[in-house]
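Engineer: Have a look at this one.
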Amino acid sequence: MESAWQLFLRQLASPDLQFTHDDVCGWSADEFEALTAAGLISEMALATRVVCDVCEADHWERVRWSEDGKRAYIVCPEAGIVDLDLERLRQWKCCLQQFAGRISKALGRGEVRPVPASRLWFLGRHRTAGHNPHFFLAAIGPDELPTTIKAVRQAYGRVTAMLFVPFPSPTSTEDGKLRMVDVGKAASLQDGQIAVDLEFIEEQFGDSGALRVSAKQPPKPLKEHRRAILRTYMEGHQIHNMQALGTHLGIEASILHAMIRGDTSKYGDTRLETMLRRIGCSQAKWDGGPKPIRRS
Ligand SMILES: [Zn+2]
C-alpha cells in the first residue's frame, strides 16, 4: 500500500489538490501527523459534496444541512435521507508553496519564487557536482511538462537546471542542461522534516559526461547496472528511495552512492561484501554490467 507521503506526492500531479476524510482515513496517525507537522497539508472548510456510502452506486451528493445547522445529510435516490457523520466532511488541501519552501530549505536555501506559470517554483541554486544549477519544482502532470519547461526557459533562459516533478520522468532534455527528477526519488519525509538526497542529486549531474568527467567514476553502464540491482531490491522490499534503503541496510545513503560509483575511498571491501550479502547479490554480478568488463 502506498504511504501517505507517496499519496501526497502523487496528488501533486493531479489538478485536484484535496484529500477527503475518506482518503485520510486509510493513513496511520503518524503519517497524518508527519504531513501536518511539516505543513504539507492543511484543513479546509467542510466538504459540500460527499460520496454516498449507504447504497452501492458510489454517487456524489450535495451535503444538505438541517435548519439548526447541526445535522448534515444527503438524499440518496435509493436509501432516501442519509445522515452524515460530520467527521466525514473534513477535508485537507496540499500546501504547495510550503512544500516548495521545505525542499528549498533542504537544499540549503529557503528562497522560493513562483515562476509565472501555475504550480511552478524556483527553489534557488545549490552547488553540486561542480555546477551551480537552478532548482525548480513543478506540481504538474506529465502532459504539462512541455509547457512547464517552456515557462522555465522564458523566465530564466537556458540555464543548467534541475526540475523536480511528481512522476517518473525522462531524465534530461536539451543536451542535459535541464534534468528532470521524480521528487519522490530525491526527497523524503522523516519526523515531519523534508530531507533531500544530495548525493542522488549530485549523481544526476555527475552522470553527464558533458557536465563533469572524473577519473574516479566508472563508465555509466556499470553505474546504471548497479543502480538497477539496488532498484530491483528496493522494489521487492517496498523501499522508496536511497535514504530509506540506507536506513534499511544500516549504511548511509552517501556510502551507497559511493558504492555505485565504485569510489572505494569511502568504504572498505568488508562493508561492500556485507551490503551485497544483505541484498543477495554476488560480487561478480555487482561488477558485471550490460557488457562484461574485462581488466587486463
Ligand atoms: Zn446512495
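The values are calculated or read from the model by the stated rules, or taken from the named source; none is laboratory data. Here the structure is a predicted model, which means the values were calculated and not measured. FYI the Cβ positions are ideal-geometry reconstructions off the backbone, even for glycines, and counts take in every protein chain you see.
Engineer: Only residues in the range 1-12 that are modelled with pLDDT of 90 or more count as the first member; pair them with residues that are in a loop (DSSP other than H, G, I, E, B) and among the small types (G, A, S), Cβ under 6 angstrom, at least 6 apart or cross-chain, and list the lot.
Structural biologist: L12/A139
Engineer: Being in contact with a Phe, Trp or Tyr (Cβ under 9 Å, 6 or more places away or on another chain) and either in a helix (DSSP H, G or I) or of a type in the set (V, I, T) (or both) is the filter here; which residues of the range 10-27 pass it?
Structural biologist: R10, Q11, T20, H21, D23, V24
Engineer: Next question. Please determine whether any residue of the range 97-111 is assigned to a loop (DSSP other than H, G, I, E, B), of a type in the set (K, R) and closer than 20 Å to A186 by Cβ.
Structural biologist: First, pick out the residues of the range 97-111 that are assigned to a loop (DSSP other than H, G, I, E, B): 107-111.
If we keep only those that are of a type in the set (K, R) as well, we get 109.
Now restrict to residues that are closer than 20 Å to A186 by Cβ: 109.
Yes, that holds for at least one residue.
Engineer: List pairs: first residue in the range 110-131 and in the same structural domain as V159 (by TED's automatic domain parsing), second residue β-branched (V, I, T) and not in a loop (DSSP other than H, G, I, E, B) anywhere in the structure, Cβ distance under 7 angstrom, at least six positions apart or on different chains.
Structural biologist: Filtered contacts from the range 110-131: V115/V152; A117/T148; L120/T148; L123/I103; T128/I201.
Engineer: Out of the range 127-153, which residues are under 25 Å from L40 (Cα atoms) and in contact with a helix residue (DSSP H, G or I) (Cβ under 8 Å, 6 or more places away or on another chain)?
Structural biologist: If the condition is that a residue be under 25 Å from L40 (Cα atoms) and in contact with a helix residue (DSSP H, G or I) (Cβ under 8 Å, 6 or more places away or on another chain), then H134, F135, F136, L137, A138, A139, I140 are the ones that fit.
Engineer: While we're here: Going by what's in this entry, would A79 be described as buried (at least 16 other Cβ atoms within 10 Å of the Cβ), small (G, A, S) and more than 30 Å from L120 (Cα to Cα)?
Structural biologist: On the way: buried (at least 16 other Cβ atoms within 10 Å of the Cβ): no; small (G, A, S): yes; more than 30 Å from L120 (Cα to Cα): yes.
For A79, the condition - buried (at least 16 other Cβ atoms within 10 Å of the Cβ), small (G, A, S) and more than 30 Å from L120 (Cα to Cα) - is not met.
Engineer: Would you confirm, using the coordinates I've provided, whether S28 is modelled with pLDDT under 95, exposed (fewer than 14 other Cβ atoms within 10 Å of the Cβ), of a type in the set (S, T, N, Q) and away from the ligand (no atom under 13 Å from the Cβ)?
Structural biologist: Working: modelled with pLDDT under 95: yes; exposed (fewer than 14 other Cβ atoms within 10 Å of the Cβ): yes; of a type in the set (S, T, N, Q): yes; away from the ligand (no atom under 13 Å from the Cβ): yes.
Considered against the rule, which asks whether it is modelled with pLDDT under 95, exposed (fewer than 14 other Cβ atoms within 10 Å of the Cβ), of a type in the set (S, T, N, Q) and away from the ligand (no atom under 13 Å from the Cβ), S28 comes out as yes.
Engineer: State whether the residues of the range 190-199 include one that is at pLDDT below 85 and charged (D, E, K, R).
Structural biologist: Restricting attention to the range 190-199, the residues satisfying the condition of being at pLDDT below 85 are 190-192.
Imposing the further condition that a residue be charged (D, E, K, R) reduces the set to 191.
Yes, the range 190-199 contains at least one residue that is at pLDDT below 85 and charged (D, E, K, R).
Engineer: Within the range 57-91, how many residues are in a loop (DSSP other than H, G, I, E, B), more than 8 Å from the ligand (Cβ to nearest atom) and more than 17 Å from T20 (Cα to Cα)?
Structural biologist: Residues that pass the stated criteria total 6.
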